[in-house]
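The values are calculated or read from the model by the stated rules, or taken from the named source; none is laboratory data. In this text, all values refer to a predicted model and were calculated from it rather than measured experimentally. Note: ideal-geometry Cβ built from the backbone for every residue, glycine included; neighbour counts use all protein chains shown.
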């Protein structure tokens, strides 16, 4: 039985396109944002695999500096700070607020499961105007094992003294979906533009076009 719906935040709920102006200003190419995000994830994942933990904020700054070096573009600490500050003030995708309100009115517990530092996750959701839609914000930084590590998903279950099988992870990232399924969670994939599922391994029980679609399917599937 599903008891908890755990939402990923960046890209799944919040729109990263506002970062385009930073990358266009600094690098002259907004499309480099994708390289930065991938590099940031790589640094985080390597930290997890090697046992040398890297928090998400540190990974964001380091990835920005690496991108600048690769592009041979001089950057300042202010440039990096401007990008990380923007991460705290991302807007929600248009359908998110009304969709989460529907889910909030169900018996399901709704949490945000973030790789970001706790204070960053709280700030992001508060600025986006959706913090009140969640029972809790849970940061994988607490156990220093970021998603897709098993411990991140188990943290949600342990917070509510339930089994990990009672948790459904909602995300627009294939790696997050794979991590949740490997940990024993259920999953729902949000097929944001450009996002695709890995054809390898277990597949999520719900595949949706946006948060409105995923909430409708969750209400249909996970409520008695």
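Only one of the listed residues (191, 202, 131) is within 15 Å of the chain's Cα centre (by Cα) and farther than 25 Å from residue 57 by Cα. That residue is 191.
On the stretch given as the range 40-93, residues that are within 21 Å of the chain's Cα centre (by Cα) and not in a loop (DSSP other than H, G, I, E, B) total 28.
The rows are residues; the columns are (1) at negative phi; (2) touching a residue at least 60 places away in the same chain (Cβ under 8 Å); (3) outside any loop (DSSP other than H, G, I, E, B).
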{"position": "176", "(1), (2), (3)": "yes, yes, yes"}
{"position": "181", "(1), (2), (3)": "yes, no, yes"}
{"position": "196", "(1), (2), (3)": "yes, no, no"}
{"position": "204", "(1), (2), (3)": "yes, no, no"}
{"position": "220", "(1), (2), (3)": "yes, no, yes"}
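Checking the structure you have, find out if any residue of the range 169-182 is over 16 Å from the mean Cα position of the chain (by Cα), surrounded by 20 or more Cβ atoms within 10 Å (Cβ to Cβ) and not assigned by TED's automatic domain parsing to the domain that holds residue 38. Scanning the range 169-182 turns up no residue that is over 16 Å from the mean Cα position of the chain (by Cα), surrounded by 20 or more Cβ atoms within 10 Å (Cβ to Cβ) and not assigned by TED's automatic domain parsing to the domain that holds residue 38.
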